[in-house]
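Working notes for the structure below.
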Ligand code: GLC
Ligand code: MN
């Protein structure tokens, strides 16, 4: 789903990668009072998400926030029923609305809108609204509780590091919750995030995001930005600008495979080494010229 805010070039790039790109109108809660509670005035616009119930060309959908990163196939989510979601790490009796399973229906859509007009949203965004609409989620049917591996908070998992150590290798979807999104983080010439004192796995998740962005997304956007990269400030970020002065990439045969990537454990010293990724990117870009 895209809104008017997505520019023409970005739209072209999205249409190249996705089977369907559906335009929807923005919807804003305009609820300044409740948005102030999280100090996140940017979240009113997340009411737009509710439009996913209008996608009646599909019998079932899995909604993913744009700040989630899928690191392994998760098609089994389609076996779940509406409304399935994972607990919110900050308040586990609420679900987090960054990942959920829904059944599009104009009836449900209207009922949620009516609920919004009657009751409003306690966080000013979609999560507060949906949690009071699907209010029996916490207690009624455990099969509608998605395991945390489908919506693991990238930054808060430090709060239960032992669980991360035990279950972290099963994680399928990472959610970069909070105001500091990966696209706002600085990265050094080796692709390492400049985030100071953060858990090392949080850094790896950011690094993986950046690697996917650099190899899969950026080349596509550059391709659609003839005449300069002025439309998207993040394209101007010179990540790896001095990588050529780094020691050459290890000559040893790569130890990792696509499977390792999908398991969320690419070998950052092998093919996934940042130098190698930049090299590949350069090759791809010069081949396209
Ligand atoms: C939380 C959720 C996000 C939702 C927002 C607004 O940040 O992670 O998915 O859009 O709240 O309710
Ligand atoms: Mn989110």
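FYI, it's all coordinate maths here, none of it is from the lab. From a predicted model like this one, the values you see are computed outputs, not experimental measurements.
Starting from the coordinates of the alpha-carbon atoms of the range 1-252, obtain the Kirkwood hydrodynamic radius over all distinct pairs and give the value in Å to one decimal.
Values: mean 1/r = 0.0501 Å⁻¹.
Every distinct Cα pair counted, the radius reaches 20.0 Å.
Pairwise over distinct Cα atoms, reciprocal of the mean inverse distance: report the Kirkwood radius of the range 1-99 in Å, one decimal place.
Details: mean 1/r = 0.0639 Å⁻¹.
One over the average 1/r among Cα pairs gives 15.6 Å for the range 1-99.
Could you compute Rg(Cα) / (2.2 N^0.38 Å) for the range 66-164, with N its residue count?
Rg over 2.2 N^0.38 Å, computed on Cα atoms: 1.12.
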